[in-house]
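Laboratory data are not the source of any read-out in this text; all were calculated from the coordinates shown. Predicted model, so just to flag it, every value in this text is computed and none were measured. Cβ atoms come from the backbone with ideal geometry, glycine included; neighbour counts cover every protein chain shown.
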Amino acid sequence: MTRTETAPAVETPTYGHFIAGEWCESTSGATFESHNPADTRDVVGRFQQGTKADVAMAIKAAETAFPMWHRTPAPKRGEILYAFGALLAQHKERLAEAMTREMGKVIAEARGDVQEGVDIAYLMAGEGRRMAGDTVPSELPDKWAMSIRQPLGVAGIITPWNFPMAIPCWKTMPALVTGNTVVFKPSSDTPHCATLLVELMAEAGFPPGVLNLVTGSGGEVGDAIVDSPDIAVISFTGSSATGKRIAERTGRRLKRVSLELGGKNGVVVLADADLDLATDGILWSAFGTTGQRCTAASRVIVVRPVVEPLLARLETRTRTLRLGSGLDPAVDVGPLINAGAADKVASYVDIGRREGDLVIGGARATGDGLALGHFFEPTIFAGVAPMDRIGQEEIFGPVLSVIPVEDYGSAMLALNQTRYGLSSSVFTRDVNQAFRAMRDFETGIVYVNAGTTGAEVHLPFGGWKETGNGHREAGHVALDTYTEWKSIYVDFSGRLQRAQIDNQPG
Ligand code: NAP
């Protein structure tokens, strides 16, 4: 089957898996629908309900393609990545509109999501010509010592819906440039975004079997990928609950696994901060992507003298935020991803009413046609304590907790008092305080005088503590997830030379 639209144009299109270079149906014969979260009457498409047998076929295709792809010179592999990046750039607007329709983020942010894909494709294309190892002097004469990276085999890539193009690119690009082949399972909330990406990968020239797409549920398709003995490495981004389950299962097989999980990111506002700038940064980080970023700011830790002026600014500006379909360029805040997400946010708002003081928001948004989608008012609570549940647990929605503290020391303690460690920020005009924060904050990313979002692809991305398991995406360190090191010694002395022995006195 090609990328099928099996019915007349007016009807909902049906899309296939992509296995061994062919678009195909699932062995289940079943499909599932993806809906527009801004108007759930709008069905984006029907997608294959994948099975274990489908995954087995995709793994077989990836295994078959591996020797050829591994032996393709890395610069040649990089050229295909570059072609893919160029196609993404060329189709940016179409992809961004499709993304907004399928998962709701406002169109400007959807363009940014595609752009991250372009950026990582170009960065990793360059790695095709770098991929550096070490060449070091040997301790013995007439001996050469060096290390090289080699691919692991088939990479299983499992992604969430909140960056439905950027995250698959963050994972597939380093996996592919290093010579691995891929089985990719996207979130069931964003199979169309994944399909559009894979169409462009095929067009860019990745040979059949190098990149395979299987849609379907986490329990069926995800588990089959995680449990397969023929998958050498799993790269997963998603919730901590799913990540821990994957870690347990892969641990039994000593399989390599890279986990990028939840966050509870804090912004510290000190007394000398530019409060207007802080307000800009906090609102962008808290309510952008409707609070559904792993790097979203959900805790603002503020020293007491500036709590009231900051809250006044936050409330005034939040009141002006416009909710609606992200396809409308005037809209600031789109819908939540699905009904379950809206229920979860509502339940945390109930908790928040008991723990803090509701400043603004606190309800589902239903006016002006919003009841057709999963909209929730941007919500702020004041007077939250650092260990309150709304100050500790990932809500993944537009809910911000303002936590008052006495000074920098108590702000730093409160910031670090979470089980997560992805992103943090500090607003201050004092260079000494800024450097203290850069030293003290226990997160993988720290911003000074900016919100908690805005990572660029050429530095490592990932979190401390329960946000992950020590791996990083992006930057050249992303190659570590997808490669084994091989150290090579070449002795050209023509005689036996014993390291640590023959070069010692006596
Ligand atoms: P999720 O529910 O954990 O799902 C993530 C992916 O895992 C989806 O493709 C899902 O498939 C799949 N999955 C579910 N159960 C599985 C299983 N048993 N085995 C294998 N795969 C399984 O997370 P989400 O709601 O999509 O994403 C939101 C979370 O991602 C938040 O916690 C957020 O903080 C985190 N996130 C972290 C980062 C980071 O870099 N640290 C970046 C973005 C998002 P289905 O969709 O079919 O269930």
### Query
Using helices alone, what [θ] at 222 nm do you get for the chain, with -39,500 (n - 2.57) per DSSP H run of 4 or more residues, divided over all residues and rounded to the nearest 500?
-11500 deg cm²/dmol
## Note on the structure
Exposure-ranked with fewest Cβ neighbours within 10 Å first, Leu211, Leu196 stand as Leu196, Leu211
### Burial order of peptide ranges 327-336, 51-60, 264-273 (average beta-carbon count within 10 Å, highest first)
264-273, 51-60, 327-336
### Note, ³J(HN,Hα) from phi for region 442-455, Karplus 6.51, -1.76, 1.60, rounded to Hz, x at Gly and Pro
8, 9, x, 9, 10, 10, 10, 6, 8, x, 8, 10, x, 5
#### Entry: Under-5 Å amide H pairs with Val268, H placed in peptide plane, nonlocal only
Ile301, Ser425, Val426, Phe427
### Query
Taking R0 as 45 Å, what's the FRET efficiency between Asp350 and Trp485 from their Cβ-Cβ distance, rounded to 0.05?
0.35
#### Entry: Using θ = phi - 60° and Karplus 6.51 cos²θ - 1.76 cosθ + 1.60, couplings along region 11-19 (whole Hz; Gly, Pro as x)
8, 5, x, 10, 10, x, 5, 10, 10
### Message
Quick test of the membrane-span-like rule: which DSSP H helices of the chain reach at least 15 Å along their long axis (C-alpha atoms) with mean Kyte hydropathy at least -1.0?
### Response
52-71, 74-90, 107-127, 166-177, 191-204, 275-287, 307-319, 339-355
### Message
Give me the net charge for the shell around Asn180: Cβ to Cβ below 12 angstrom, other residues only, Lys and Arg +1, Asp and Glu -1.
### Response
+2
### Task
Calculate how many DSSP beta bridges within region 297-405 are antiparallel, expressed in % of all such bridges and rounded to the nearest 5.
30 percent
### Message
How would Tyr348, Tyr489, Tyr122 line up from fewest to most surrounding beta-carbon atoms within 10 angstrom?
### Response
Tyr489, Tyr122, Tyr348
### Query
Considering only DSSP beta bridges with both partners in the chain, what is the antiparallel share in %, to the nearest 5?
40 percent
#### Entry: Column: log10 I(q)/I(0), Debye, Cα scatterers of the chain, q = 0.06, 0.12, 0.13 Å⁻¹
-0.30, -1.07, -1.21
### Query
What is the sum of charges around Gly205, taking Lys and Arg as +1, Asp and Glu as -1, for the other residues whose C-beta is under 11 Å from the C-beta of Gly205?
0
### Query
Could you put Ser228, Ser401 in order, starting from the residue whose Cβ has the fewest other Cβ atoms within 10 Å?
Ser228, Ser401
### Query
Karplus couplings for region 364-375 from phi (6.51 cos²θ - 1.76 cosθ + 1.60, θ = phi - 60°), rounded to Hz, Gly and Pro as x?
5, 9, 10, x, 6, x, 5, 5, 6, x, 9, 9
### Task
Using a cut-off of 11 Å between beta-carbons, work out the net charge of the residues near Ser401 (Lys and Arg +1, Asp and Glu -1, Ser401 not included).
-1
